[in-house]
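Here's the structure we're looking at; comments come further down.
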Amino acid sequence: MNINDLNDDCLSIIFSYIPLKQLFIDRRVCRHWRQTIDNLVANERHLVYNQAINGTKRDQYFYKYKDNVDSLLDLNQFECVVQLMPKLTALTLNGIKANDAMLPIVATSGANITRLHLMSGEESLTFVGFKYLVRRFPGLTHLDLPNCQLDDDLIHIITTNLHQLVHLNFGTDRNRALKNYRLSRFTGHTLRHIGPRIRSLMIGESMYWDEQLVQSLMASSARHVTTLRIHLIKLKALRTVCEGMPQLKHFYCSFNGGDINTHENNVGCVRHLQRLHSLEVLELIDDGRHHCGINGCYSVYTLDALMEAMNGMSQLKVLRLIDFDNWHSFKPNIDPLLSELRRFCPNLRELGISAGLFQLKAESYGLIGLLNVSVLTVQGDSCLNVGEGLNHSNKHNYLTDEVVVELLKSSPGMRRLKVENCVFVGEEAIAGCLQESATRSRQRIELIFSNTRLNSANQLTAKVPQNVSLVVTKEVEAIDLEDYSDGSSSFDSSDSDSIHLFSEDDDDVYNEM
């Protein structure tokens, strides 16, 4: 039987399993296939435009960007793809840098788009581009601009023109933002203009102090959001956030660490989280890159403060206590909390915890295994990976190959296990996890090993079972944050373009495009 003997419905089912990039090649086979594929993609509502679709265009224009050529937008390819999808309501650029020239294409072919997820870079949106964006898409409900160097003026344009916004994300993604990741021209005072429909707000890391940012949040409609991501230089501002926003359900907070100097002591401030009784997702990131010296620093966590914070969070489903490459001299023992965590949070299904923040011994990992969470992220202590010159209170490593395998064995419901930042974990742990996963053939399991003894999965001799997705990576930075439950993604870091002067004739710029 020839495939062309199939009717259009059968062909459409077959084509629906083929990647979009390959479909555009298959359109050239014959008129019948072209018509069938066009009818199929014409009903698409969400386009994730990535490198596989974009391809790499190496002409003279792109030659000067040869170091970043893979992330540059091919306008011709982009226009061809968008024109085939007139019903688009959501557009995501994944691994591709947005630019001003793409906006007229989107405005013409994707007039119904209400959700945009863009990234920045050398070829990013300028001041003129942002003004054009808010004029042509006043009905946007979701706007994601991670790692984009926004300033107060750009935030003012967005918040005063996009009155339908439900979700605004200009947060910092540490997966990609290894340098120039802080907003140098953002103070936060223009957040006062955010519209009343906003429910999810993710704010980038500012170089300024927290007072103005927090005051603007409390004075605006953003005070009523249910999802908040924020970076606090002084963790004491956490009290104001928790008292003013008790309705929060998803809270992602990074901070500059503990006992920074003799004037600031943030130790124990996490106890204010006890006011957030509706929390379902809590992520705390100790980002001490700016102050932790060769002798390390104090952890902001104490057992008493954590017990106070967690007691009463009966609706919590996700808990991540993450360390961003810090060197902590003194760390609390939280075994009592781990033993009570299931009682405090009966619905807990994901846990992320770091040996860089807490004293995690063999007994601690045993208590973690008894929690039987579906998703588990464990981080080793980065102090143990960088030599003997550190003044560290406890240099013994408890996160071993045997412990990693035992964590998986003791959690029959586990769907994802991620091990980060431990050079003592290697092939033996991965082989043991693969062997244990093979006994759960009806259960899909994802295993991720980042910054361990192995550099890639090619070094493995063990066979990977069909029900297992295995990723072995070696990154410059240890932390690899998980995808947020609200759909935020990972994008490349970038520097902002030069700011153009505001003009009433900005739309004329695009008449020649």
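The values are calculated or read from the model by the stated rules, or taken from the named source; none is laboratory data. Everything quoted here is computed from the prediction, not taken from an experiment. Here the Cβ is made from the backbone with ideal geometry for all residues, glycine too, and neighbour counts use every protein chain on show. In case anyone asks, the SASA skips ligands and DNA or RNA and just uses the protein heavy atoms, side chains included. Shrake-Rupley method; radii C 1.70, N 1.55, O 1.52, S 1.80 Å.
Rolling a 1.4 Å probe over the protein heavy atoms of the stretch 398-474, with every protein chain left in place, gives an accessible area that is 47 percent carbon and sulfur. So if we plug the beta-carbon distance of Asn311 and Arg45 into 1/(1 + (r/R0)^6) with R0 = 45 Å, what FRET efficiency do we get, rounded to 0.05? Here the calculated transfer efficiency is 0.55. Simple spin-label estimate for Asp5 and Lys21 gives 3.4 nm between the two label positions (7 Å along the Cα-to-Cβ direction from each Cα). When a 1.4 Å probe is rolled over the protein heavy atoms, the share of accessible surface on the stretch 125-229 that falls to carbon and sulfur comes to 49 percent. Derived scalar couplings between HN and Hα for the stretch 399-406 equal 8, 10, 4, 5, 5, 4, 5, 5 Hz in order, rounded to whole Hz, by the Karplus curve 6.51 cos²θ - 1.76 cosθ + 1.60 (θ = phi - 60°), x for Gly and Pro.
Converting phi to 3J(HN,Hα) with the Karplus coefficients 6.51, -1.76 and 1.60 and the offset θ = phi - 60°, the stretch 425-434 yields 9, x, 4, 4, 5, 5, 4, x, 5, 5 Hz in sequence order, with x at every glycine or proline.
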